[in-house]
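Peer 1: Dropping a structure here in C-alpha cells format, bear with me for questions.
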Amino acid sequence: MLRKLYEGFVLKFPIFVLSALLLIIAALAYQSTKLEVDASAETLLLEGDADLQFMREVSARYPSGLDMLIVSFAPESDLLSPKSLRSIDEISKDLKKIERVDSVMSILDVPLLENGSSAIKELINDITTLRSSYANLEKAREELLTSPIYSENIVSKDLKTTAIVVMLKPDTIYADLLAKRNQARAKAEQNRTKENEEALTAAIGEFKHYRDELRIKEKETIIQIRAVLKEHKDDGALFLGGVNMIAVDMITFVKSDLVYFGAILFALLALILWIIFRQARYVVLPLLICILSIVSTAGILGFFGWEVTVISSNFVALQLILTISIVLHLIVRYRELASKYPKVAQKELVLLTVLSKANPSFFAVFTTIIGFLSLMLSNIKPVINLGWMMASGITMSLIIAFAAFPVILMLIPKKALYTKFEKEFALSRLCAAIVDKHGFFIIGTAVCMIIFTIVGIQKIRVENSFINYFKPSTQIYQGMQNIDQNLGGTTPMDVIVRFNTEEMAEGGEDDFEAEFTEDKNDPKYWFTPKVTNTALKVHDYFENNEFVGKVQSLGTMLKVGERLNGGRELDSFELALIYEKLPEKYRDMILSPYISIENNELRFTMRLIDSDPNLKRNELIQKADEDLKGIVTPDIGTYRLSGAMVLYNNMLQSLFKSQILTLGAVALVFFIIFIPLFSSVKASLTAIFSNLVPMGVVFGFMGFAGIPLDMMTITVAAISIGMGVDNTIHYIYRFKEELRLHGGDYTKAMYASHNSAGYAMYYTTISTALGFGVLVFSNFIPTIYFGMLTVAVMIMVFFGAIILLPRLLLIFKPFKIR
C-alpha cells in the first residue's frame, strides 16, 4: 500500500506534492504568528490545587504583594546621613512620577514608634517619622537596627542597605477577568455543555487579550523604574526585585533563547552536516525539513492557543533533535543504497530508502510520542501542553520528512558521494570491534553504571530555587540575592490561624471584657490572651528557623509593644486602642496585613532564604505542618500553610511523582510494543534494559553533581526515554535485516548494522550534542542544565544502543532465522 502511494502519486508528481506541502505549511506559518509566551507565576501552579484556591481567598482578605516592587539601596555614605536620606527622597519622588506607580514607601515614611512618647495614647496621636523635623536620629538608628518590624525588612542588620517599596496601581480589571475565567473553567469542568464551553472560550480570550496589553504596560514600567535607578547609580548600589520584574525578565530570557540560540543551533548544525557530508544538498535538505517542521508545529500551537512557558521554552530545540534524527536516518540509508547500487535510477533509490525506513521510523516516532505523552499524567497545564506540543511536533516532523525528502531528491539529479568522513572517523566501526572483542568489559561497565545510578539517584534533591535559575551577572539574580541576604528573604510563605468561635468567647471572659457589651467583632473583645499567646508562639517558631528570613505578624507588634512598655506585655485594652486609633496608613503597614477580626484569624507572613544551599523546601513545609499541631491545638482552632512557597512545592512534588514514578509504566508500554515489533520477548527485554541503564546514569550524574530535579530538569526523564528508544528501534530493525542477509551469523550482522544504521545514530549524536552545547551560554540556568543534560542523554543512549545493546544481542541471540 505504501509502495503504491509513493510509486503512483508522491514520486510521480513531485512538484505537485511539494507545492501542496508548502501551501499547507504557509497556512500554518500564518497561525504561528499567534504563538505567545507566558512566563507568569500562574503557569507554574498545579491545576485544581486546593491550596491555590485557599491562597486566592487569603489574597482577597489581605494585601497580596503581587503589585509591589522592591528597590534595595546601599548608599556610599551612612544610611542616615543627610546625603543618603536626600538620595532616598529624590529616588522616591522620581519613582512616584511613573504612571503606573501608586505610592512609594521608604525609611523616611515608616512610623518611628520608639522615637517619641512611650505612652500608647500619646504615641498614636503623634507619630514620628524621619521626615519629622524633631526626629531623633540616634533613637531612629537604634529602632531601625533592633525593631522586629524594621530589622531585616526595611533595613539590613548592618544598616547599610534599605528597601524602597514601590506599590503599583491595583488592577481590578485583571483580577475580575481572572476570576471570571476561573469560574468559567470550573463550570465547564463540572458540566461540559456547548454553552459552558463557549463561555469558557470567550472568558479565556478576553482574559488573554487584557493580560497581553497589561504585560506591555508592565514591561514599560520596569524599563522606566530601571531608568530612574540608572540615573541615581552614583548615589549607591541599587537593585530591583519583585514578582512583576521576574515575570518580565523571564519572558525576555525565553524569547531571547528561542531566537538567539535557535539561530546558533541551526548554524552549528549546518557546519557539522557540511563537515560530515561535504555536499550542499545534505546540509540544506535536513535543515529545510527542520525549519518546515518547526514552523508547522508553531502554527499548530498558535491555532490551539498553546502558549510557550518556561517549561516548554525548549520545544524548538527538542524538535530539532527529533527531526534531524529522522532525516539523517533517511540520508544515510539513501547514501548507502546509492553507494551499493550506483547504476540504479534515482526513483528506485528514493523508493527503496523510504520503504526500508518507514517501519522503524514510524515505531521510533510512535514510542517517542508515548514518552512525551507521559507528561500528561501531571496536573500542571504547561507540562501537559509540552506533552501535546512534542507529540504533535514529532508527528509533523515524520510526515514532512517522508513527504519532502523523497520529492526534493526526485527534483535534483544524482551526484557522486563524498565518503571521506565515514572512512577517517569511523566511530561506529570502532564500536563494532569493541562489541566483538571486549564483551566482558562491556558487561562489567554496565554493572558499574547500574551501581553508579543506584547510589547517585539517592542523592537527587527535588528542589525549586528561583534565585539559582539565573546567572550571577544578570540584574534579576543580583536584585533577588541582595534582597534575599540583606532584607529578610525572597520566597513568600503564609500561615493562617483561624480561632474557634466558642473558644474566643470563653477566652474573653475576664475582668476587662466583662465591662463591655459582648461582641466578637469588637477589637476590645478580640485581643484575648489566647490570641496573643498563639500569635507569639507561632511567630517565634518560624523566627527561630534558620531557613526563614523575616517573619511578620501580630507577634511583631506584640514584641514592639513590650519594648514600648518597658518590658511589660501589651494588654487587651492597649492592643485594641492601637488597632482602632492608629492612623490608617500606619495601621495598613503594621497591623492590617496580619489580622482579620471579622474572619476570626491571624496571618503570619514570612520569606524564606531562597539562596541557602541547605534549604530543603518540602522537608521544611512538612516539619512546620507537623510542629504547628502542638502549638495550634484543636481547642484553639485550625491552621493552614499557604503562599507561593507551598504552591510551587505542590507543583514540584506532583511533577516528580507523575514523571519519575511513571517511568516504569512507560517502560512497560514500550516492552509491550516491542514484542510484536521485534517478534521476540528476549529482544524486547534487551531493548528496554539497554535504554534504562544509560538513562539511569544521567540521573545518577545529577545526584552526584548536585543538580536538583526541578520543573525543567524533571522533563529529562520523558526526553531521554523517548530519544533512547529511537536509536534502539532503528538498530534492532536493521540488525534483523542483516541477520537474514548473513544467514543467522550474529557477529557479521552486528558489523553490518554498525556500518549502516550505526552511522545515522553517530551523525545524529554528533550534530545534536555539539549543537546543544551552545545552550550553556544562556543566562537562564534551567536552559543551561537542559542543554547539558540533553547532551549527556544523547551520548549515553547512543553508546547504550551501539555498544551495550549489540553485545546483549550477541549474548542472548533472541532471533531465530529460518
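Peer 1: Name the residue that is nearest to the chain's Cα centre (by Cα), counting only residues in the stretch 219-247 that are aliphatic (A, V, I, L, M) and open to solvent by less than 20 Å² (accessible area, probe 1.4 Å).
Peer 2: Selected residue: Met245.
Peer 1: Is it the case that Asn379 is among the polar types (S, T, N, Q), in contact (Cβ under 8 Å) with a residue 12 or more places away in the chain and not in a helix (DSSP H, G or I)?
Peer 2: Answer is yes for this residue.
Peer 1: Please name all residue pairs, on different chains or six or more residues apart, with Cβ atoms under 6 Å, provided the first residue is in the stretch 603-628 and is within 21 Å of Pro593 (Cβ to Cβ) and the second residue is open to solvent by 30 Å² or more (accessible area, probe 1.4 Å) and not in a loop (DSSP other than H, G, I, E, B).
Peer 2: Taking only residues 6 or more apart or on different chains, the pairs are Arg607/Pro492; Leu628/Tyr639.
Peer 1: Restricting to the stretch 104-122, what's the tally of residues that are open to solvent by 40 Å² or more (accessible area, probe 1.4 Å), at pLDDT below 90 and not in a loop (DSSP other than H, G, I, E, B)?
Peer 2: The qualifying residues number 2.
Peer 1: Collect the residues in the stretch 146-196 that are in a loop (DSSP other than H, G, I, E, B), open to solvent by less than 50 Å² (accessible area, probe 1.4 Å) and under 30 Å from Gly555 (Cα atoms), keeping them in residue-number order.
Peer 2: The answer is Ser147, Pro148, Ile149, Tyr150, Asn153, Ile154, Ser156, Leu159, Thr161.
Peer 1: Of the conditions (1) among the aliphatic types (A, V, I, L, M); (2) surrounded by fewer than 20 Cβ atoms within 10 Å (Cβ to Cβ); (3) at pLDDT 80 or above, Leu95 fails just one. Which one is it?
Peer 2: Only one criterion is unmet by Leu95, namely (2).
Peer 1: Of all the residues that make up the stretch 670-701, how many are under 17 Å from Pro360 (Cα atoms) and either open to solvent by 60 Å² or more (accessible area, probe 1.4 Å) or without any contact (Cβ under 8 Å) to a residue 12 or more places away in the chain (or both)?
Peer 2: The qualifying residues number 4.
Peer 1: Any residue in the stretch 216-241 that's farther than 12 Å from Ala74 by Cβ: show its pairings with residues that are of a type in the set (Lys, Arg) at Cβ separation under 7 Å, as long as the two are six or more apart or on different chains.
Peer 2: Once the first residue is farther than 12 Å from Ala74 by Cβ and sits in the stretch 216-241, its partners that are of a type in the set (Lys, Arg) give Lys217/Arg100; Thr221/Arg100; Leu240/Arg226.
Peer 1: Now a separate question. Based on what the data block shows, is Glu336 in contact (Cβ under 8 Å) with a residue 24 or more places away in the chain, acidic (Asp, Glu) and open to solvent by 10 Å² or more (accessible area, probe 1.4 Å)?
Peer 2: It is true that Glu336 is in contact (Cβ under 8 Å) with a residue 24 or more places away in the chain, acidic (Asp, Glu) and open to solvent by 10 Å² or more (accessible area, probe 1.4 Å).
So that you can scan it fast, the table gives a plain yes or no per residue for (1) in contact with a helix residue (DSSP H, G or I) (Cβ under 9 Å, 6 or more places away or on another chain); (2) at pLDDT 85 or above:
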residue	(1), (2)
Ile124	yes, no
Tyr150	yes, yes
Met167	no, yes
Tyr174	yes, no
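Peer 1: From Thr662, Thr713, which residue is open to solvent by less than 10 Å² (accessible area, probe 1.4 Å), farther than 27 Å from Tyr759 by Cα and touching a helix residue (DSSP H, G or I) at 6+ places or on another chain (Cβ under 9 Å)?
Peer 2: Thr713
Peer 1: Hey, another quick one. Scan Lys520, Lys459 and give me the residue that is at pLDDT below 90, among the charged types (D, E, K, R) and more than 19 Å from Asp635 (Cβ to Cβ).
Peer 2: Lys459
Peer 1: Continuing with the same structure: Taking the residues in the stretch 447-489 that are within 20 Å of Asn614 (Cα to Cα) and free of Cβ contacts under 8 Å to residues at least 40 places away in the same chain as candidates, determine which candidate is least open to solvent (accessible area, probe 1.4 Å).
Peer 2: Out of the qualifying residues, it is Tyr477.
Peer 1: Now for a separate question. Against the conditions (1) buried (at least 20 other Cβ atoms within 10 Å of the Cβ); (2) out of contact with any helix residue (DSSP H, G or I) (no Cβ under 8 Å at 6 or more places or on another chain), where does Thr501 fall short? Just the number, please.
Peer 2: Among (1) buried (at least 20 other Cβ atoms within 10 Å of the Cβ); (2) out of contact with any helix residue (DSSP H, G or I) (no Cβ under 8 Å at 6 or more places or on another chain), Thr501 violates only (1).
Peer 1: Please find, among Met376, Met389, the residue that is among the hydrophobic types (A, V, I, L, M, F, W, C) and touching a strand residue (DSSP E or B) at 6+ places or on another chain (Cβ under 9 Å).
Peer 2: Met389
Peer 1: Which of the residues spanning the stretch 484-501 are aliphatic (A, V, I, L, M) and assigned to a loop (DSSP other than H, G, I, E, B)?
Peer 2: Leu487
Peer 1: Sticking with this one: What are the residues in the stretch 298-308 that are open to solvent by less than 10 Å² (accessible area, probe 1.4 Å) and either closer than 12 Å to Ala26 by Cα or at pLDDT below 85 (or both), if any?
Peer 2: Once the filter is applied, which keeps residues that are open to solvent by less than 10 Å² (accessible area, probe 1.4 Å) and either closer than 12 Å to Ala26 by Cα or at pLDDT below 85 (or both), the stretch 298-308 yields Gly299, Val308.
Peer 1: Out of the stretch 253-268, which residues are in contact (Cβ under 8 Å) with a residue 12 or more places away in the chain, of a type in the set (Phe, Trp, Tyr) and open to solvent by 40 Å² or more (accessible area, probe 1.4 Å)?
Peer 2: Within the stretch 253-268, just Phe266 meets the criteria.
Peer 1: Of the residues that sit in the stretch 563-575 and are in contact with a helix residue (DSSP H, G or I) (Cβ under 6 Å, 6 or more places away or on another chain) and surrounded by 20 or more Cβ atoms within 10 Å (Cβ to Cβ), which one is farthest from Tyr150 (Cα to Cα)?
Peer 2: Of everything passing the filter in the stretch 563-575, Ser572 is farthest from Tyr150 (Cα to Cα).
Peer 1: On to the next question. So, restricting to helices (runs of 4 or more DSSP H) that lie completely within the stretch 725-818, which ones have at least 2 residues that are open to solvent by less than 10 Å² (accessible area, probe 1.4 Å) and at pLDDT 90 or above?
Peer 2: 746-754, 805-812
Peer 1: For the stretch 409-446, name all the residues that are surrounded by fewer than 19 Cβ atoms within 10 Å (Cβ to Cβ) and within 30 Å of Leu22 (Cβ to Cβ).
Peer 2: Residues satisfying the conditions are Leu411, Ile412, Pro413, Lys414, Lys415, Ala416, Leu417, Tyr418.
The values are calculated or read from the model by the stated rules, or taken from the named source; none is laboratory data. What you see is a predicted model; the values in this text were computed from it and never measured. Here Cβ is always computed from backbone atoms with ideal geometry, including for glycine, and neighbour counts include all displayed protein chains. What goes into the accessible areas is simple: the full protein's heavy atoms, side chains included, and nothing from ligands, DNA or RNA. Shrake-Rupley method; radii C 1.70, N 1.55, O 1.52, S 1.80 Å.
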